[in-house]
1. List pairs: first residue in the stretch 307-318 and farther than 10 Å from residue 279 by Cβ, second residue among the charged types (D, E, K, R) and surrounded by fewer than 24 Cβ atoms within 10 Å (Cβ to Cβ) anywhere in the structure, Cβ distance under 6 angstrom, at least six positions apart or on different chains.
2. Among the residues of the stretch 126-134, is there at least one that is of a type outside the set (S, T, N, Q), in contact with a Phe, Trp or Tyr (Cβ under 8 Å, 6 or more places away or on another chain) and over 22 Å from residue 278 (Cβ atoms)?
3. Listed residues 286, 228, 291; which is in contact with a Ser or Thr (Cβ under 7 Å, 6 or more places away or on another chain), within 26 Å of residue 154 (Cα to Cα) and modelled with pLDDT of 95 or more?
4. Across the stretch 226-245, what is the total count of residues that are within 20 Å of the chain's Cα centre (by Cα) and surrounded by fewer than 13 Cβ atoms within 10 Å (Cβ to Cβ)?
5. Quick one: count up the residues across the stretch 166-204 that are within 16 Å of residue 312 (Cα to Cα) and part of a loop (DSSP other than H, G, I, E, B).
6. Among the residues of the stretch 10-60, count how many are assigned to a helix (DSSP H, G or I) and over 23 Å from residue 337 (Cβ atoms).
7. Among (1) farther than 19 Å from residue 161 by Cα; (2) surrounded by 24 or more Cβ atoms within 10 Å (Cβ to Cβ); (3) touching a strand residue (DSSP E or B) at 6+ places or on another chain (Cβ under 6 Å), there is one condition residue 201 misses while meeting the rest; what is its number?
Amino acid sequence: MKAIFDDRQWKHQPRHFMANGAILPNPEQAERINRLLAGARNAGCNVTAPTDAGMGPIAALHSPEYLVFLETIHSRWRRIEGAGEEVIPNIHPASRSDSYPRSAVGQAGYHQADTACPIAEGTWEAAYWSAQTAISGADLLLAGEKAAYALSRPPGHHAFGDLAGGFCFLNNSAIAAERLRAQGLRPAILDVDVHHGNGTQGIFYHRKDVLTVSIHADPERFYPFFWGHADERGAGEGLGYNLNLPLARGTGDDAYLETLATAVQRIKAFGADAVVVALGLDAFIGDPFKGLAVTETGFGRIGAAIAALGLPCLFVQEGGYLCEELGANLTAVLTGFEHSLP
């Protein structure tokens with residue numbers, strides 16, 4: 001399997017993260033790259049750099065207003081007297097229809113959903129190349145590859161069309177799926193991150209040309225809290241094209257695989273001819289977020305179940321945080337997939 005990664009993704013070095021009222025080190029550390037690269041290479045992947053497809057594929061899903069914000073906000077922020085090194089919002093609008101402010105502080109509140117997506121000097125460049133990594137992965141499928149792995153970091157599935165959140169700035173998995181759709185394919189997005197892919201859901205919620213399916217820890221008491229519930233099925237033309245499969249905290253391998261079978265059934269019913277896997281590895285029993293209890297063996301079974309679809313598959317990296325087994329869990333998914341191809 002070919003893998004894609006760009007060294008400019010190292011430039012995002014987030015420092016701060018607030019949880020339960022405490023300021024903590026940000027869990028989305030650049031060191032994740034080393035662990036994931038090792039995992040991909042142990043799975044036999046040949047790692048290459050992406051090409052630059054430009055802004056078009058990104059702007060197909062993200063508003064130009066938001067993209068200008070991401071590209072310019074840090075330099076504007078640093079002109080504020082006494083401002084911190086990272087752009088972190090301290091005020092938010094009551095709704096998306098409220099007035100759009102001119103100030104950097106106000107725009108940060110408008111475009112950043114939470115305090116888990118600080119923007120520093122290298123964030124925009126890293127996010128841009130993270131998205132290009134996913135785009136190049138999609139292009140490999142369009143060129144005839146059966147599977148590819150995009151090491152996209154920072155991750156993307158919490159990013160809406162004009163809103164960052166949860167470590168995410170550009171929605172890499174959604175951008176890749178749209179790239180496939182624009183070339184005539186019928187893609188499904190299967191999100192296996194421990195957190196619901198709320199940004200992905202939001203982008204496609206009123207559409208029927210991309211199926212979105214997410215398996216995640218029940219958001220009733222888990223991030224992102226406000227999205228990811230089973231009754232969210234899509235709206236308008238998209239009604240019935242969004243499937244959320246929330247799981248009880250601590251769910252392990254067997255129950256997870258039973259739920260994945262339901263997801264696979266829906267993807268088949270959609271008539272998908274390609275699948276983008278939003279590959280969070282944070283469902284692991286030892287992940288710092290402690291939402292679910294999937295084992296390394298379980299990740300191998302997840303890869304095998306996805307392979308049974310018999311569809312071209314792009315794995316786009318989402319979560320999965322620093323623990324000793326992070327790289328091995330990636331190896332398990334990718335080898336489980338490759339060894340089970342029909």
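The values are calculated or read from the model by the stated rules, or taken from the named source; none is laboratory data. As the structure is a computational prediction, the values presented were derived from the model and not from experiment. Cβ atoms come from the backbone with ideal geometry, glycine included; neighbour counts cover every protein chain shown.
1. Taking only residues 6 or more apart or on different chains, the pairs are 312/146.
2. First pass over the stretch 126-134, keeping only residues of a type outside the set (S, T, N, Q): 126-129, 131, 134.
Checking which are in contact with a Phe, Trp or Tyr (Cβ under 8 Å, 6 or more places away or on another chain) leaves us with 126-127.
Going one step further and asking which of them are over 22 Å from residue 278 (Cβ atoms), we end up with none.
There is no residue in the stretch 126-134 that is of a type outside the set (S, T, N, Q), in contact with a Phe, Trp or Tyr (Cβ under 8 Å, 6 or more places away or on another chain) and over 22 Å from residue 278 (Cβ atoms).
3. Details: 286 fails: in contact with a Ser or Thr (Cβ under 7 Å, 6 or more places away or on another chain); 291 fails: in contact with a Ser or Thr (Cβ under 7 Å, 6 or more places away or on another chain).
Answer to the check: 228.
4. Adding up the residues that qualify gives 2.
5. 4
6. Of the stretch 10-60, the ones assigned to a helix (DSSP H, G or I) are 10-11, 32-42, 56-59.
Narrowing the set further to residues that are over 23 Å from residue 337 (Cβ atoms) leaves 10-11, 56-59.
Qualifying residue count, the stretch 10-60: 6.
7. Failing condition for residue 201: (1).
Here is a yes/no grid of residues against (1) over 17 Å from the mean Cα position of the chain (by Cα); (2) within 26 Å of residue 26 (Cα to Cα); (3) not hydroxyl-bearing (Ser, Thr, Tyr):
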| position | (1), (2), (3) |
| --- | --- |
| 270 | yes, no, yes |
| 276 | no, no, yes |
| 280 | no, yes, yes |
| 294 | yes, yes, yes |
| 298 | yes, no, yes |
| 312 | yes, no, yes |
| 325 | yes, yes, yes |
